[in-house]
Amino acid sequence: MAFPKQVRLVEMSPRDGLQNEPGAVIATAIKTGLIDRLADCGLSHIEAASFVSPKWVPQMGDAAEVMAGINRRPGVRYSALTPNLKGLEGAIAARADEVAVFGAASESFTKKNINCTIAESLERFAPVVEQARSHGIPVRGYVSTVMGCPYEGDIAPGQVATVARALYDMGCHEISLGDTIGVGTPLKAKRMLEAVAAHVPMEKLAAHFHDTYGQALANLYAVLEEGVAVIDSSVAGLGGCPYAKGASGNVATEDVLYLLEGLGIRTGVDLHRLVATGNWICQQLNRHNGSKVGQALVGNCD
Ligand code: HMG
Ligand code: MG
């Protein structure tokens, strides 16, 4: 299988990146500043906010203010997480261009993350998907723990395929496969993808890999070879799920972009601007830059 000629990068840093930041709640102006800078880099799809319970995820408690404060750039899709109808209501009021429901292939993780079983989560998502679509809003579906669960260990590829298919059949236009705790390796990634692609068309799948064990780029290379052309990533490698102990950040967007450029794959994203954005957000948060490319090019991209 040849590599795709073009890849769509879905930028996770304002949501997955910031939801798990320890300490004080990050100022809304920093979040909107990040989102506007990311749009200026040429990213066409930015997960900007999360309409979840602020008791569960305090960092995302200003989702409505964030959505109201960004300078919407034409052609950019600003999306938000919506775990239930209450979340969807908030996202519609905030004019999200896309929403996302998020389930998992593991029962224990589903319980910890959204306080229900897998079957209950699917029942809960069905009206969310239906109502979003009736408002003309496309819905993305996430499947977490696709290569391992912090509570159950190994996850069978067939279990991932079952949940992915249920979300696709429900009307999700794209299914993002999350290695939530970054434990996957390339062969495992290929086997998991093969199982899912038997039920959901390859062009409807996205890879969402965290980099806990430093395998995310290798895993992405493996799934690119199989035809995946949508990649979730986070500038400066920000990120992690508060309900997945030990989960580190998403793979860094700068590192993914460098890899893709080396393979001759187009994205429409400007690497130098992206590196400057990664350095900017790390300065704002007083945090280490988790992107190797960001570190290598620091000083060249201000
Ligand atoms: P629950 O406690 O079972 O829900 O939580 P509930 O319906 O009983 O409501 C409890 C309270 O929350 C009520 O308020 C509701 O109004 C409120 P109270 O009466 O106590 O004052 N509430 C809400 N408030 C705002 N927005 C809402 C909302 N819903 C209820 N949408 C619930 C269930 C799903 C709400 C909760 O478990 C939750 O918010 N979980 C979110 C966890 C989360 O955000 N995790 C991180 C994102 S997933 C991720 O990072 C993985 C991913 O990146 C992929 C990967 O890496 O694998 C996507
Ligand atoms: Mg994630």
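Given the conditions (1) within 16 Å of ligand 1 (Cβ to nearest atom); (2) of a type outside the set (S, T, N, Q); (3) surrounded by fewer than 24 Cβ atoms within 10 Å (Cβ to Cβ), report the number of the one that Pro14 does not fulfil.
(3)
This table checks each residue for (1) away from ligand 2 (no atom under 16 Å from the Cβ); (2) open to solvent by less than 20 Å² (accessible area, probe 1.4 Å); (3) under 16 Å from Leu238 (Cβ atoms).
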position	(1), (2), (3)
Ala27	yes, no, yes
Arg37	yes, no, yes
Gly42	yes, no, no
Pro54	yes, no, no
Val57	no, yes, yes
Gly61	yes, no, no
Asn71	yes, no, no
Lys86	yes, no, no
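Scan the stretch 199-219 and tell me whether some residue there is within 16 Å of ligand 2 (Cβ to nearest atom), more than 30 Å from Pro54 (Cα to Cα) and in contact with a strand residue (DSSP E or B) (Cβ under 6 Å, 6 or more places away or on another chain).
yes
Which of the residues spanning the stretch 280-302 are open to solvent by less than 20 Å² (accessible area, probe 1.4 Å) and within 15 Å of Leu38 (Cα to Cα)?
Ile281, Cys282, Gly294, Cys301 - these are the residues of the stretch 280-302 that are open to solvent by less than 20 Å² (accessible area, probe 1.4 Å) and within 15 Å of Leu38 (Cα to Cα).
Under 7 Å between Cβ atoms, at least 6 apart or on separate chains: pull out the pairs that start in the stretch 232-248 with a residue that is at pLDDT 95 or above and end on any residue that is near ligand 1 (Cβ under 8 Å from one of its atoms) and part of a loop (DSSP other than H, G, I, E, B).
Here the result reads Asp232/Met12; Ser233/Met12; Ser234/Met12, each pair linking the stretch 232-248 to a residue that is near ligand 1 (Cβ under 8 Å from one of its atoms) and part of a loop (DSSP other than H, G, I, E, B).
Kindly indicate whether Val76 is open to solvent by 10 Å² or more (accessible area, probe 1.4 Å), under 18 Å from the mean Cα position of the chain (by Cα) and either within 16 Å of ligand 2 (Cβ to nearest atom) or without any contact (Cβ under 8 Å) to a residue 12 or more places away in the chain (or both).
Details: open to solvent by 10 Å² or more (accessible area, probe 1.4 Å): yes; under 18 Å from the mean Cα position of the chain (by Cα): yes; either within 16 Å of ligand 2 (Cβ to nearest atom) or without any contact (Cβ under 8 Å) to a residue 12 or more places away in the chain (or both): no.
The answer is no for Val76.
Identify the single condition in (1) open to solvent by 30 Å² or more (accessible area, probe 1.4 Å); (2) in contact (Cβ under 8 Å) with a residue 12 or more places away in the chain that Val256 does not satisfy, given that it satisfies every other one.
(1)
Which of the helices (runs of 4 or more DSSP H) contained wholly in the stretch 96-195 include at least 2 residues that are within 16 Å of ligand 2 (Cβ to nearest atom)? Full working, then the answer.
On the way: elements: 107-114, 118-134, 157-170.
Helices (runs of 4 or more DSSP H) meeting the threshold: 107-114, 157-170.
Across the stretch 124-171, what is the number of residues that are away from ligand 1 (no atom under 13 Å from the Cβ) and either out of contact with any Phe, Trp or Tyr (no Cβ under 8 Å at 6 or more places or on another chain) or among the aromatic types (Phe, Trp, Tyr) (or both)? Show your work before the answer.
To start, the set of residues in the stretch 124-171 that are away from ligand 1 (no atom under 13 Å from the Cβ) comprises 126-127, 129-139, 151-154, 156-159, 161-162, 165-166, 168-171.
Still in the list and also either out of contact with any Phe, Trp or Tyr (no Cβ under 8 Å at 6 or more places or on another chain) or among the aromatic types (Phe, Trp, Tyr) (or both): 126-127, 129-139, 151, 153-154, 156-159, 161-162, 165-166, 168-169, 171.
Going through the stretch 124-171 one residue at a time, the tally reaches 27.
Is it fair to say Gly148 is without any contact (Cβ under 8 Å) to a residue 40 or more places away in the chain, crowded, with 18+ Cβ neighbours inside 10 Å, closer than 24 Å to Gly17 by Cα and of a type outside the set (Phe, Trp, Tyr)? First the steps, then the outcome.
Numbers: without any contact (Cβ under 8 Å) to a residue 40 or more places away in the chain: yes; crowded, with 18+ Cβ neighbours inside 10 Å: yes; closer than 24 Å to Gly17 by Cα: yes; of a type outside the set (Phe, Trp, Tyr): yes.
So Gly148 passes the test.
Specify the residue that is surrounded by the most Cβ atoms within 10 Å (Cβ to Cβ); the eligible residues are those in the stretch 151-161 that are of a type outside the set (Gly, Ala, Ser) and in contact (Cβ under 8 Å) with a residue 24 or more places away in the chain. Working first, answer last.
Of all residues in the stretch 151-161, those of a type outside the set (Gly, Ala, Ser) come to 151-152, 154-155, 157, 159-160.
Filter once more, so that each one left must be in contact (Cβ under 8 Å) with a residue 24 or more places away in the chain: 151-152, 155, 157, 159-160.
Working: Tyr151: 14, Glu152: 14, Ile155: 22, Pro157: 20, Gln159: 22, Val160: 26.
Residue satisfying both the conditions and the ranking: Val160.
Conditions: (1) within 12 Å of ligand 1 (Cβ to nearest atom); (2) hydrophobic (A, V, I, L, M, F, W, C); (3) open to solvent by less than 10 Å² (accessible area, probe 1.4 Å). Ile114 meets all but one. Number of the miss?
(3)
Is it true that Arg266 is of a type in the set (Lys, Arg) and within 20 Å of Arg15 (Cα to Cα)?
Numbers: of a type in the set (Lys, Arg): yes; within 20 Å of Arg15 (Cα to Cα): no.
Answer is no for this residue.
Take the residues of the stretch 229-266 that are more than 16 Å from ligand 2 (Cβ to nearest atom) and of a type in the set (A, V, I, L, M, F, W, C): which is nearest to Cys282 (Cα to Cα)?
Per the stated criteria, the residue is Leu257.
Just checking, does the stretch 198-209 include any residue being among the charged types (D, E, K, R) and within 30 Å of Ala96 (Cα to Cα)? Let's see the steps before the verdict.
Taking the stretch 198-209 as the starting set, the residues that turn out to be among the charged types (D, E, K, R) are 203-204.
Pick out the ones that are also within 30 Å of Ala96 (Cα to Cα) and you get 203-204.
Yes, that holds for at least one residue.
The values are calculated or read from the model by the stated rules, or taken from the named source; none is laboratory data. Bear in mind the structure is a predicted one, so any value in this text is a computation, not a measurement. Note that each Cβ is placed from the backbone with ideal geometry, even for glycine, and that neighbours are counted across all protein chains shown. Side chains included, ligands, DNA and RNA excluded: accessible areas come from the protein's heavy atoms. Shrake-Rupley method; radii C 1.70, N 1.55, O 1.52, S 1.80 Å.
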